[in-house]
Amino acid sequence: MNEQKIFSDRRLKLLNLMEDGVAVIASNELLTRSNDTEHPFRQNSNFYYFTGFLETNSVLVLSKKGNDRKVTLFLEEKVPEMELWTGKRLGPKEALNMMIIDQAYPIEKFEQIMPEIITGSKNLYINGFDLNKTTKAIYQITDKLWKSRKKSSYLPTKIHHLDYLTENLRLVKEPIEVEYMKEAVKKTTLGHKIAMAKAKPGLNERDIHAIMDYTFKMNLGDGPAYGMIVASGDNANVLHYIENNSILNDGDLLLIDAGAEHKLYASDVTRTFPVNGKFTEIQAKVYNEVLKAQELVIDSAKPGMSLSQLHELASKSLAQSLVDLGILTESADIIYSSGKLKKYYPHGTGHWLGLDVHDQCPYLDDQCNDIKLKAGMVFTVEPGLYFPEDDTSIPQQFRGIGIRIEDDILMTEKGNENLTKDIPKTIEEIELACQADYIELLKSGI
């Protein structure tokens with residue numbers, strides 16, 4: 001299917017969900033990193049979902065008035081002098097030629113043209129909680145129209161939070177979205193295999209971070225989908241550890257939470273493995289308990305289940321693991337029901353995955369019931385156990401161990417598909433992968 005037709009169809013779906021009115025979706029803005037330099041630009045996921053357009057300083061406007069529907073794009077004009085500094089721009093004229101839209105204007109004309117588009121509309125759809133410059137401009141334009149003494153047509157009397165519609169549209173992935181995520185997984189798989197082969201005592205976490213970053217960017221790869229976590233030893237007990245600058249010590253485990261991105265679609269994978277390539281007896285016991293919980297959840301994930309039900313399965317399994325490991329002496333039921341498990345397993349078992357690594361989709365329906373899994377949904381399964389070094393209530397032999405195992409799961413009509421199943425995960429697979437030649441692995445990806 002023509003790529004532009006995909007975005008056009010999505011816009012049509014959104015228009016069909018709207019009452020008569022106007023929807024406004026803005027691109028992301030450049031963020032200053034330091035003085036006059038910016039962070040690398042990453043497009044707003046909703047804006048990209050409906051346009052496929054990667055430029056900043058742009059706004060998509062959908063208008064629905066009876067049978068009259070229009071798609072308008074505001075974007076930067078082509079100015080050769082600016083393109084010398086910031087790169088080529090599509091410009092309004094070429095946008096009309098390349099994209100399936102009705103109108104295209106320079107962004108400078110946004111505040112001039114929007115009053116005409118808004119007038120005659122009873123409903124305004126916008127992300128009302130994000131007060132970016134576009135949202136502020138729309139509020140000012142609408143306020144000015146309302147205060148006019150010459151109101152001769154409808155003006156918006158209702159403001160709708162647009163994300164309520166877009167989040168539901170994004171929840172079930174189209175085949176092309178799944179294809180993009182599988183492409184991201186290919187680089188993620190190679191990256192984790194290379195990390196296992198590369199890690200050795202004496203290296204730094206940043207060495208592993210760097211080689212994975214390179215792997216994710218090879219062959220025109222888009223790079224990491226999020227800030228990587230490369231956490232050795234006790235660092236793994238910091239859930240969002242981002243320093244990635246400690247020495248890898250012999251006998252420690254290395255937890256890596258990292259996924260590649262393809263066409264803005266994310267993968268999200270965690271593996272935990274021994275720095276020296278061989279699990280100790282205690283490490284193996286804890287690892288297999290986490291793996292048991294993860295495999296239980298994946299095997300149980302079927303249409304009609306919910307993520308909260310899967311979390312309950314993982315939690316009860318890990319509660320029993322704390323008993324079996326000798327960490328706690330109460331029954332698994334008491335550990336789970338009393339909340340004591342949260343000390344060792346403080347996070348959820350999974351989240352939606354797509355254009356965002358924590359995809360902006362609902363977990364509850366309009367009646368506040370759990371969303372039920374169905375074909376096309378993609379989510380993670382990531383149980384873990386964490387035993388901080390400084391927690392003297394934990395038996396000594398377990399302190400400093402932090403283990404998480406995470407895979408990306410696609411729901412199918414009858415069950416699920418583990419998209420990241422080819423990344424070594426059992427103890428035997430991991431120890432074998434740690435003995436591989438990372439240079440040969442790199443060559444295989446070039």
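Every number in this text was worked out from the coordinates using simple rules, so none of it is lab data. This structure is a prediction, so every number in the text was calculated from the model and none was measured. Here the Cβ is made from the backbone with ideal geometry for all residues, glycine too, and neighbour counts use every protein chain on show.
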Could you work out the relative contact order of segment 361-446, using alpha carbon pairs under 8 angstrom and six or more residues apart, expressed as a whole percent? 22 percent
Taking Cα pairs closer than 8 Å and at least 6 residues apart, the relative contact order of segment 3-170 in percent is 23 percent
Over the alpha carbons of segment 3-170, what is the largest minus smallest coordinate on each principal axis, giving the biggest first in Å? 46, 36, 29
Where Rh is the Kirkwood radius over the Cα pairs of segment 83-236, the temperature 20 °C and the viscosity 1.002 mPa s, what D in µm²/s does Stokes-Einstein return? 103 µm²/s
Antiparallel content of DSSP bridges confined to segment 1-148, in %, to 5: 70 percent
Relative contact order computed over the chain (Cα-Cα under 8 Å; 6+ residues apart), in percent: 14 percent
Residue order, fewest to most surrounding Cβ atoms within 10 angstrom, among His358, His192, His240: His240, His358, His192
Under-5 Å amide H pairs with Asn276, H placed in peptide plane, nonlocal only: Gly251, Asp252
Net dipole in debye of segment 172-445 [+1 Lys, Arg Cβ; -1 Asp, Glu Cβ; about Cα centre; nearest 20]: 260 debye
Cross-link pairs Lys193/Lys263; Lys285/Lys372; Lys193/Lys340; Lys64/Lys88 - those with Cα-Cα distance over 25 Å: Lys285/Lys372; Lys193/Lys340; Lys64/Lys88
Straight-line reach only, C-alpha to C-alpha below 16 angstrom: list the lysines that Lys109 could link to, leaving out same-chain residues fewer than 8 apart. Lys78, Lys93, Lys133, Lys136
Before rounding to the nearest 500, sum -39500 (n - 2.57) across all DSSP H runs of length at least 4 in the chain and divide by the residue total; then give [θ] at 222 nm in deg cm²/dmol. -11500 deg cm²/dmol
